[in-house]
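Asker: Please see the structure below; I have some questions.
The values are calculated or read from the model by the stated rules, or taken from the named source; none is laboratory data. Since we're looking at a predicted model, the values are computed, not measured. Neighbour counts run over all protein chains shown; Cβ positions are idealised from the backbone, glycine included. These area figures cover heavy atoms from the full protein model, side chains too; ligands, DNA and RNA do not enter into them. Shrake-Rupley method; radii C 1.70, N 1.55, O 1.52, S 1.80 Å.
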Amino acid sequence: MLINTVVMFLQELLPALLLLSTLLVWQGSRLKFLLPVLLGATVFGLLLIASQFSRISDFASGSGLELLYICCYLLTFILLLLSVAFAGQPHWSARLAGLAVASLLWVNGSNLVLFLFVYQQNLFASPALLLGAALGLGIGLSVAVLWYQLQLELAGRWRVFLQLCLSLLAARQISMAVMLLVQTDWLASGPQLWNSEWLLSEESEYGHFFNALLGYEATPGLMQLVGFVAAFLLLLWQSRRLEVEK
């Protein structure tokens, strides 16, 4: 129970924390000022989703949650794209970036709510569950802080590093959306391109990190790779003039 809870929290929180760290490097104090609003939007969205879990799950022949997650992933990507496009208007750009994080947290937070209060019935039913949640959150925050410091150091010397990180994180959202579309049979996956499980397992520590960063999957299909590459190149081109806030 303890290990499963730690892994679950890392899987769900790390993508949003890495995205938030990257956006903080780019937006700096503008986004920090919006963090309370971001937290409020996240909590409001999660409460709304949690109150309608049954109805959402029954929608679209039982694929309602998957459809909701697909929409949130696509919304996250679109908001990041718009945030970059409005880089010349810093306050609007920061608001869009903050909403992008909130949109991603609606997906990951919903999974945590299901895990803690539906599958496990009660967060406080087991000390191991509560300890695992605390450990998962602590490890995720530690990784996010290290990622923030690394980007802050490298982006000041090499501007394209920030552009690459932001483009990878944005493309990851499209990759996850495509994966869900394939799982629900709304999109053909195409042929499996390779199997890198022997090199980097999805269940390893590095596997979790690269999944959070770029949607790493050991056995990707053609459509997933096409979606990732197209989204990555679009964000990279759009972000070519980005600057780190001093």
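Asker: With the structure loaded, tell me whether Phe86 is of a type in the set (Phe, Trp, Tyr) and either free of Cβ contacts under 8 Å to residues at least 60 places away in the same chain or surrounded by fewer than 16 Cβ atoms within 10 Å (Cβ to Cβ) (or both) or whether it fails that test.
Answerer: When the stated conditions are applied, Phe86 passes them.
Asker: Next question. Mind checking which residues of the range 187-217 are in contact with a Ser or Thr (Cβ under 6 Å, 6 or more places away or on another chain) and either assigned to a helix (DSSP H, G or I) or buried (at least 17 other Cβ atoms within 10 Å of the Cβ) (or both)?
Answerer: If the condition is that a residue be in contact with a Ser or Thr (Cβ under 6 Å, 6 or more places away or on another chain) and either assigned to a helix (DSSP H, G or I) or buried (at least 17 other Cβ atoms within 10 Å of the Cβ) (or both), then Gly207, Gly215 are the ones that fit.
Asker: In the range 3-13, what residues are open to solvent by less than 10 Å² (accessible area, probe 1.4 Å) and within 12 Å of Leu105 (Cβ to Cβ)?
Answerer: none
Asker: Something else now. Exactly one condition in (1) touching a Pro at 6+ places or on another chain (Cβ under 9 Å); (2) more than 28 Å from Gly136 (Cα to Cα) is false for Leu104; which is it?
Answerer: The one condition Leu104 does not meet is (2).
Asker: I'm checking my understanding of the structure. Among residues of the range 128-157 that are more than 23 Å from Phe228 (Cβ to Cβ) and without any contact (Cβ under 8 Å) to a residue 60 or more places away in the chain, which one is least open to solvent (accessible area, probe 1.4 Å)?
Answerer: Gly138
Asker: For the range 161-185, which positions are free of Cβ contacts under 8 Å to residues at least 40 places away in the same chain and either closer than 26 Å to Gly64 by Cβ or open to solvent by 50 Å² or more (accessible area, probe 1.4 Å) (or both)?
Answerer: Across the range 161-185, the qualifying residue is only Asp185.
Asker: Say whether the condition of being outside any helix (DSSP H, G or I) and among the small types (Gly, Ala, Ser) is met by at least one residue in the range 156-179.
Answerer: no
Asker: Hey, any hits in the range 218-238 for a residue that's crowded, with 19+ Cβ neighbours inside 10 Å and outside any helix (DSSP H, G or I)?
Answerer: The answer is yes; a qualifying residue exists.
Asker: Please determine whether any residue of the range 39-47 is over 13 Å from the mean Cα position of the chain (by Cα), farther than 19 Å from Met8 by Cα, buried (at least 16 other Cβ atoms within 10 Å of the Cβ) and of a type in the set (Phe, Trp, Tyr).
Answerer: Scanning the range 39-47, I find no residue that is over 13 Å from the mean Cα position of the chain (by Cα), farther than 19 Å from Met8 by Cα, buried (at least 16 other Cβ atoms within 10 Å of the Cβ) and of a type in the set (Phe, Trp, Tyr), so the answer is no.
Asker: Suppose we filter Leu99, Leu74 for residues that are closer than 20 Å to Gly227 by Cβ and either polar (S, T, N, Q) or open to solvent by 60 Å² or more (accessible area, probe 1.4 Å) (or both); which single one remains?
Answerer: Testing whether each residue is closer than 20 Å to Gly227 by Cβ and either polar (S, T, N, Q) or open to solvent by 60 Å² or more (accessible area, probe 1.4 Å) (or both) leaves just Leu74.
Asker: From the list Leu104, Leu81, which residue is modelled with pLDDT of 85 or more and either in contact with a strand residue (DSSP E or B) (Cβ under 7 Å, 6 or more places away or on another chain) or open to solvent by 20 Å² or more (accessible area, probe 1.4 Å) (or both)?
Answerer: Residue meeting the stated conditions: Leu81.
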